[in-house]
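Report on the structure given below.
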Amino acid sequence: MIRARIISTGSYLPEKIISNHDIEKIVDTSDEWIVERTGIRERRMAADDEAASDLAYHASVSALKKAHLKARDIDLIIVATVTGDMPFPSTACLLQARLGAKNAAAFDLNAACSGFVYGMHIAQGMIKSGMHNRILLVGTEVLSRFIDWDDRSTCILFGDGAGAVIMEPTKEKRGVYSTHIYSDGSLSDLISLPGGGSRNPCTRETMLKTLHSIKMKGNETFKVAVRTLEELATYTLAENGIDPSQLSLLMPHQANLRIIQATAKRLNLPMEKVFLNLEKYGNTSAASIPIVLDEAVASGKVKDGDYLLLEAFGGGLTWASALVRW
Ligand code: UT7
């Protein structure tokens with residue numbers, strides 16, 4: 001049986017750190033409130049000359065180096081992002097050019113915070129079917145460019161970053177065991193960036209209405225996220241006949257510590273088995289899970305044969321999970 005396997009990981013976080021105390025100086029909030037309600041203490045912000053493809057480039061170079069591969073060894077590049085360099089060409093094509101990945105087709109994928117796990121779904125399908133052999137899958141976001149710094153309910157949440165993995169086929173008893181993707185477009189108004197597309201192209205009016213920044217009905221989103229992710233995690237394990245006690249690590253999308261704790265509680269999973277980095281980076285949307293993966297692998301917490309559960313929830317609405325045996 002052919003499965004898709006992650007053979008290497010990489011990530012890149014911009015240098016500039018914005019702490020909760022920095023945000024206290026901009027809006028009426030406090031470090032205490034942000035930590036208590038979200039678990040976030042700081043986030044990264046891209047430099048003025050850095051766009052999504054630049055962050056993606058650094059994460060990809062790291063993943064390629066670790067796999068001892070050249071960019072020309074890649075035959076497909078998928079970039080999950082909602083903050084690409086521009087509407088077109090795709091960030092994936094810009095990345096392909098910068099890497100010199102001449103043998104790769106390249107496209108972007110928009111599933112907001114679930115984008116990376118959606119990408120895993122597509123990548124594993126491509127690999128299992130034999131259509132592609134070595135895929136570079138990237139999640140990259142520069143959300144700081146789309147934040148309304150007057151809106152305390154959203155400006156505290158998001159950060160910039162990128163993560164990348166390389167996937168290829170294996171006949172071993174490891175790799176991606178299953179992926180599950182879902183959407184509910186009827187709840188699209190819960191998280192959105194309404195301006196800049198064909199519905200609300202950029203005008204003076206859309207600028208004044210701050211339509212070019214992220215809007216979120218936080219509390220409503222929170223409730224749907226908790227319910228959905230609890231069900232998703234339970235279902236994903238059951239589909240694979242895996243008891244939660246067999247799980248080595250839960251790798252959740254890093255949006256809110258309370259959402260993550262609820263999922264862990266539902267699985268009866270001690271928090272030591274949950275990989276967290278939202279304290280340092282906040283919510284990096286599609287980049288969140290590949291950054292978690294890279295940091296978890298680098299920390300030595302991921303061992304051969306480990307079962308890993310990846311799960312994400314975000315705008316669309318979309319939600320997705322993957323069960324991986326390392
Ligand atoms: O990645 C995509 C998926 N995204 C998510 O899953 C995010 C889901 N939502 C959340 O993480 C949480 O809803 C938030 C962290 C955004 C907000 O936490 P909450 O516990 O749901 O707070 P709330 O929106 O119900 O607001 C409670 C109070 C309000 O004040 P009143 O009306 O009770 O007087 C807000 O105005 O907290 C106030 N508030 C703040 N206070 C201080 C909202 N933002 C802030 C703030 N600092 N930054």
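Being among the aromatic types (Phe, Trp, Tyr), open to solvent by less than 70 Å² (accessible area, probe 1.4 Å), closer than 25 Å to Ile291 by Cα and touching a strand residue (DSSP E or B) at 6+ places or on another chain (Cβ under 8 Å) is the requirement here; does Tyr177 meet it? Yes, satisfied. Of all residues in the stretch 152-165, those that are open to solvent by less than 10 Å² (accessible area, probe 1.4 Å) have Cβ atoms under 7 Å from Cβ atoms of residues that are within 7 Å of the ligand (Cβ to nearest atom), 6 or more apart or on another chain, in Thr154/Met216; Cys155/Val27; Ile156/Thr29; Ile156/Ile34; Ile156/Thr38; Gly159/Asn283. Scanning the stretch 87-99 turns up at least one residue that is more than 16 Å from the chain's Cα centre (by Cα), open to solvent by less than 20 Å² (accessible area, probe 1.4 Å) and within 30 Å of Ile2 (Cα to Cα).
Do we find a residue being hydroxyl-bearing (Ser, Thr, Tyr), farther than 19 Å from Ile122 by Cβ and open to solvent by 40 Å² or more (accessible area, probe 1.4 Å) anywhere in the stretch 259-278?
Checked against the condition, which is being hydroxyl-bearing (Ser, Thr, Tyr), farther than 19 Å from Ile122 by Cβ and open to solvent by 40 Å² or more (accessible area, probe 1.4 Å), the stretch 259-278 yields no hits at all.
Of everything in the stretch 192-229 that is closer than 20 Å to Arg145 by Cα and in contact with a helix residue (DSSP H, G or I) (Cβ under 6 Å, 6 or more places away or on another chain), the residue that is nearest to the ligand (Cβ to nearest atom) is Gly218. For the structure I just gave you, tell me whether Ala51 is open to solvent by 40 Å² or more (accessible area, probe 1.4 Å) and either touching a residue at least 24 places away in the same chain (Cβ under 8 Å) or in the same structural domain as Ala262 (by TED's automatic domain parsing) (or both). It is false that Ala51 is open to solvent by 40 Å² or more (accessible area, probe 1.4 Å) and either touching a residue at least 24 places away in the same chain (Cβ under 8 Å) or in the same structural domain as Ala262 (by TED's automatic domain parsing) (or both).
Go through the residues of the stretch 49-68 one by one and say whether even a single one is closer than 21 Å to Ile127 by Cβ and part of a loop (DSSP other than H, G, I, E, B).
Yes: one or more hits.
Scanning the stretch 183-216 for residues that are over 14 Å from Thr154 (Cα atoms) and of a type in the set (Val, Ile, Thr) yields Thr203, Thr206.
The values are calculated or read from the model by the stated rules, or taken from the named source; none is laboratory data. The structure displayed is predicted, hence computed values, not measured ones. Cβ coordinates were reconstructed from backbone atoms using ideal geometry, including for glycine residues, and neighbour counts include every protein chain displayed. Just so you know, the surface numbers come from the protein's heavy atoms only, side chains and all, with ligands and any DNA or RNA stripped out. Shrake-Rupley method; radii C 1.70, N 1.55, O 1.52, S 1.80 Å.
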